[in-house]
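The values are calculated or read from the model by the stated rules, or taken from the named source; none is laboratory data. Because the structure is predicted, anything quoted here is derived from the model rather than measured. Glycine gets a Cβ as well: all are built from the backbone with ideal geometry, and neighbour counts include every protein chain shown.
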Amino acid sequence: MKILLVDDHAIVREGFSTLLSSVLEGAVVTNAKNAQQATNALRANHFDLIILDINLGATSGLTLAEYIVQRWEHAKVLMFSMFDDISIIDRAMKLGAMGYVSKQSEPDVLISAVTSIIKGRRYLEHNTAIELATFNLSHSGGNLTDLTQRELDIFLGIANGLCRKQVAESLNISEKTVSNVITQLKRKLELQTNAEFVHLAIKQGYIKIAS
């Protein structure tokens, strides 16, 4: 069983690696501290499971998860985090993750998640599954999964503090096109200001708040 563990904290990597190697017979754990190391490892090796922190320094684990499942369609991704924001968990699952575990959970929860996902089954703790079902029933509007790729690119550009000209140049499109899409985004997402773009990007895990 080959596992790739991606987390930007050395203590967390070492602790979880030791746990997995000692409990799961034959488990070989490779560590990566950032998105670059993770993608390099994935290009060089096949992994049965990728355990991926949602908060990866300057990079969102959600962005990396989306890239992984698109680039390696058979990849099995388990997300984990200290922060149990149900909207972020929802986003992770919709991006293709097969499960989510809180870092505050007991060790046997992580082991159960790993063994379930290796066998091809999705995994959420019971309470999380209930919260997620309730969230999806009650949630309406403001969901970035509803955006086209062009809309998402422009949304993230504005959320990251770029002006309309900079967004246009980065995407090689006209500033007028950017303005038109921003108008559409405000209507679709029910937003009014750039600050609300930032807030929504943070809430759905595309921007990490500096600690």
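For VAL109, are the conditions met, namely being over 19 Å from the mean Cα position of the chain (by Cα) and of a type in the set (A, V, I, L, M)? Show your work before the answer.
On the way: over 19 Å from the mean Cα position of the chain (by Cα): yes; of a type in the set (A, V, I, L, M): yes.
Yes: the conditions hold for VAL109.
The residues in segment 169-211 that are outside any helix (DSSP H, G or I), surrounded by 15 or more Cβ atoms within 10 Å (Cβ to Cβ) and at pLDDT below 85 can be counted, and the count is 6.
Within segment 167-188, does at least one residue satisfy the condition of being in contact (Cβ under 8 Å) with a residue 40 or more places away in the chain and either touching a Phe, Trp or Tyr at 6+ places or on another chain (Cβ under 8 Å) or assigned by TED's automatic domain parsing to the domain that holds VAL12 (or both)? No, segment 167-188 contains no residue that is in contact (Cβ under 8 Å) with a residue 40 or more places away in the chain and either touching a Phe, Trp or Tyr at 6+ places or on another chain (Cβ under 8 Å) or assigned by TED's automatic domain parsing to the domain that holds VAL12 (or both).
Checking the structure you have, find out if any residue of segment 126-139 is at pLDDT 90 or above and aliphatic (A, V, I, L, M).
Taking every residue of segment 126-139 in turn, none turns out to be at pLDDT 90 or above and aliphatic (A, V, I, L, M).
The criterion of at least 2 residues that are within 11 Å of the chain's Cα centre (by Cα) and small (Gly, Ala, Ser) is met, among helices (runs of 4 or more DSSP H) falling completely within segment 3-83, by 61-71. When GLU25 is tested against (1) of a type outside the set (S, T, N, Q); (2) at pLDDT 95 or above; (3) within 13 Å of MET1 (Cβ to Cβ), exactly one condition is not met: (2).
Applying the set (1) touching a residue at least 40 places away in the same chain (Cβ under 8 Å); (2) in contact with a helix residue (DSSP H, G or I) (Cβ under 6 Å, 6 or more places away or on another chain) to ALA58 leaves exactly one unmet item: (2).
For GLN149, the requirement of being within 22 Å of THR63 (Cα to Cα), at pLDDT below 90 and outside the structural domain of GLU66 (by TED's automatic domain parsing) is met. Of all residues assigned to segment 116-127, at least one qualifies as being in a helix (DSSP H, G or I), β-branched (Val, Ile, Thr), in contact with a strand residue (DSSP E or B) (Cβ under 7 Å, 6 or more places away or on another chain) and over 21 Å from ASP8 (Cα atoms).
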